[in-house]
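Novice: Below are the structure tokens for one structure; questions will follow.
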Amino acid sequence: MSRTRALSNHARSVLAALLKAGAGWSHGYELCRLAEVKSGTLYPLLIRLEAQGYLEAEWQQPAEGGRPPRHAYRLTKAGVQLAHANPPDRKVAARPGLREATT
Amino acid sequence: MSVRFQRRVANLLCRALESILPPRLRDWGLAIRYEVAEIPEDTRALLFALESLCGLAPRAIGILLMQPFISLFGAAVHASRAGANSGFGALHSPRTVGALCAVGAVAMGLVYMTLAGAPVGYLGINAGALVIGLVLRALVSRIPGAVGRVSGALIFSLSLLLLATALLGLRIEGTARWIGFGGVFVQPSFVLLPLMLVGFSRTRTPLATIGMVVAALAMTLQPDRAMAAMMTTALAAVTATRADRPTSMAFTASLLAFVVTLLRPDAVPAAPFVDQLLFSSFAVHALAGLAVVAGLAMLLVPAIIGWSCDKDSRATYFAFGSAWLAATIAAAFGNYPTPVVGYGGSAILGYVLSLSALPRPVRSRVGSETVPPDDPQASRDIHSKIALA
């Protein structure tokens with residue numbers, strides 16, 4: 001499915017974090033920290049990326065007993081291409097703490 | 001704020017988010033809850049949960065509000081694809097149809113009130129009550145076993161609220177039917193009694209029966225002839241279709257309550273845009289009268305459809321239809337609120353909430369019983385995902 005809108009800086013940051021993980025699986029809280037996005041931004045984005053076929057999601061059983069399973073994510077082949085085509089905006093990425101400009 | 005308290009609030013927020021997410025997206029809510037459990041610091045866990053709720057809740061609520069329309073559209077498409085020749089296929093879910101009828105009836109009420117020159121705030125209150133009712137209906141519908149194990153306890157608890165209203169509620173001209181919420185007065189019997197009656201028609205446990213008797217006592221104390229008539233008529237309908245000892249006891253109690261309310265004085269004056277609209281609306285404008293009649297007729301549509309399509313649950317649909325017909329007739333002849341089309345959010349909330357106690361369509365009943373609530377689901381519906389995104 002092709003995108004018609006430009007990706008937001010948040011989306012680019014999340015894609016970059018997932019790209020960096022390579023074939024490894026990432027989790028929600030870890031992605032929030034690496035991409036510097038809030039969970040309220042992350043999860044709608046993950047849901048959209050998965051619906052569009054850019055993201056795989058799976059439930060992973062915990063290594064130690066008594067812990068709940070975790071939802072893990074990684075980019076599909078199409079997702080890797082999308083991430084390469086949409087790197088994070090360096091000006092924004094280089095200055096964490098700045099919020100996105102509003103109109 | 002204590003550390004334990006923060007963790008509990010975070011968990012509560014996650015569960016709230018799960019409950020409002022569409023069923024096929026609920027494992028995303030579960031993912032967030034389990035992710036929160038993995039965050040070592042309680043404050044960060046709470047922030048994570050709060051931000052997740054803020055990010056997903058508005059869209060989830062939007063989907064909830066659109067659900068009746070989506071369901072009906074989906075059913076219509078399914079029926080047309082299947083070549084259904086009865087013309088009834090799209091209407092096999094009385095709950096969905098009921099939600100649409102509620103929307104239609106409130107819209108008819110807004111037409112009436114506009115033509116009658118009601119204050120704009122009245123229109124806003126009714127529309128707001130509809131939105132709140134639809135959200136509550138969706139939440140109540142998702143309580144597992146709402147009609148089974150917990151139904152009796154729920155009916156009993158609600159009956160205590162009605163009794164408390166009769167004893168401690170706002171008193172006008174000797175009657176105590178209302179309670180105040182930040183300047184807005186709600187009539188708990190109109191909100192809760194229809195839900196209790198429809199619930200009782202499906203689950204007649206000893207506790208539910210006691211609840212009905214307590215509710216009858218509350219109607220006597222208030223006193224409220226319209227609600228006592230609603231109760232008596234609905235329980236008579238249940239008795240007629242499926243007579244047993246609990247039903248007979250509840251019916252007898254409600255009948256006695258109704259007789260007592262007829263004997264007691266009821267001097268509450270009529271309120272404009274609220275009471276006796278069935279005939280008075282025609283004096284405003286023919287269109288206003290037609291809007292009121294059409295809106296009131298819509299209230300009975302789910303009962304008619306349910307009676308026709310679901311023979312196993314006829315007692316419930318009969319009780320639902322009888323209750324709302326009784327409320328309409330009472331409002332036509334006495335100083336009682338005209339349900340849903342007249343000004344007042346209580347009847348709107350009551351109608352929409354009572355829909356949640358109607359039986360689910362057979363297909364959804366089977367589906368909901370086979371999916372454990374806390375198990376992650378492997379597959380998700382693509383349309384729901386796109387809708388949320």
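The values are calculated or read from the model by the stated rules, or taken from the named source; none is laboratory data. In this text the structure is predicted, and so the values were computed from the model without any measurement. Here the Cβ is made from the backbone with ideal geometry for all residues, glycine too, and neighbour counts use every protein chain on show. Calculation scope for accessible area: heavy atoms of the full protein, side chains included, ligands and nucleic acids excluded. Shrake-Rupley method; radii C 1.70, N 1.55, O 1.52, S 1.80 Å.
Novice: May I ask you to list the residues in the stretch A:60-87 that are within 11 Å of another protein chain (Cβ to nearest Cβ) and of a type outside the set (G, A, S)?
Specialist: Those that are within 11 Å of another protein chain (Cβ to nearest Cβ) and of a type outside the set (G, A, S): A:Q60, A:Q61, A:P62, A:R67, A:P68, A:P69, A:R70, A:H71, A:Y73.
Novice: Examine the stretch B:264-277 for a residue that is without any contact (Cβ under 8 Å) to a residue 40 or more places away in the chain and buried (at least 17 other Cβ atoms within 10 Å of the Cβ), and state whether such a residue exists.
Specialist: no
Novice: Which residues, taken from the stretch B:26-43, are out of contact with any helix residue (DSSP H, G or I) (no Cβ under 7 Å at 6 or more places or on another chain), open to solvent by 10 Å² or more (accessible area, probe 1.4 Å) and at the interface with another protein chain (Cβ under 8 Å from one of its Cβ atoms)?
Specialist: Hits for the stretch B:26-43 are B:Y34, B:A37.
Novice: Can you tell which of B:A315, B:A294, B:A215 is open to solvent by less than 50 Å² (accessible area, probe 1.4 Å) and at pLDDT 95 or above?
Specialist: Only one candidate passes the filter, namely B:A215.
Novice: Restricting the stretch B:236-278 to residues that are of a type in the set (V, I, T) and assigned to a helix (DSSP H, G or I), which is modelled with the lowest pLDDT? Can you show your working first?
Specialist: As a first pass, look at the stretch B:236-278 and keep what is of a type in the set (V, I, T): B:238-239, B:241, B:247, B:252, B:259-261, B:268, B:274.
Checking which are assigned to a helix (DSSP H, G or I) leaves us with B:238-239, B:241, B:247, B:252, B:259-261.
Numbers: B:V238: 92, B:T239: 91, B:T241: 85, B:T247: 91, B:T252: 95, B:V259: 95, B:V260: 95, B:T261: 93.
Ranking the candidates gives B:T241 first.
Novice: Let me ask another. Cβ-Cβ under 7 Å, sequence separation 6+ or interchain: first residue in the stretch A:38-59 and within 8 Å of chain B (Cβ to nearest Cβ), partner assigned to a helix (DSSP H, G or I) and aromatic (F, W, Y). Which pairs?
Specialist: Filtered contacts from the stretch A:38-59: A:S39/B:F48; A:Y43/B:W28; A:I47/B:W28.
Novice: Scan the stretch A:7-26 and tell me whether some residue there is more than 9 Å from chain B (Cβ to nearest Cβ), among the polar types (S, T, N, Q), out of contact with any Lys or Arg (no Cβ under 8 Å at 6 or more places or on another chain) and assigned to a loop (DSSP other than H, G, I, E, B).
Specialist: Quick first cut of the stretch A:7-26, residues more than 9 Å from chain B (Cβ to nearest Cβ) only: A:7-26.
From what's left, among the polar types (S, T, N, Q): A:8-9, A:13, A:26.
If we keep only those that are out of contact with any Lys or Arg (no Cβ under 8 Å at 6 or more places or on another chain) too, we end up with A:8-9, A:13.
Narrowing further to those that are assigned to a loop (DSSP other than H, G, I, E, B): A:8.
Checked against the condition, which is being more than 9 Å from chain B (Cβ to nearest Cβ), among the polar types (S, T, N, Q), out of contact with any Lys or Arg (no Cβ under 8 Å at 6 or more places or on another chain) and assigned to a loop (DSSP other than H, G, I, E, B), the stretch A:7-26 yields at least one hit.
Novice: Here are the criteria: (1) closer than 23 Å to B:V352 by Cβ; (2) surrounded by fewer than 23 Cβ atoms within 10 Å (Cβ to Cβ). Tell me which single one B:R245 does not satisfy.
Specialist: Of everything listed in (1) closer than 23 Å to B:V352 by Cβ; (2) surrounded by fewer than 23 Cβ atoms within 10 Å (Cβ to Cβ), B:R245 misses just condition (1).
Novice: Let me ask something else. For the stretch B:121-143: of the residues being touching a Phe, Trp or Tyr at 6+ places or on another chain (Cβ under 9 Å) and open to solvent by 40 Å² or more (accessible area, probe 1.4 Å), which is nearest to B:A105 (Cα to Cα)?
Specialist: It comes out as B:L123.
Novice: Enumerate the pairs (first residue in the stretch B:5-24 and of a type in the set (S, T, N, Q); second residue anywhere and open to solvent by 40 Å² or more (accessible area, probe 1.4 Å)) with beta-carbon separation below 7 Å, excluding pairs fewer than 6 apart on the same chain, so at least 6 apart or on different chains.
Specialist: Pairs found: B:Q6/B:T43; B:S19/B:L139; B:S19/B:R142.
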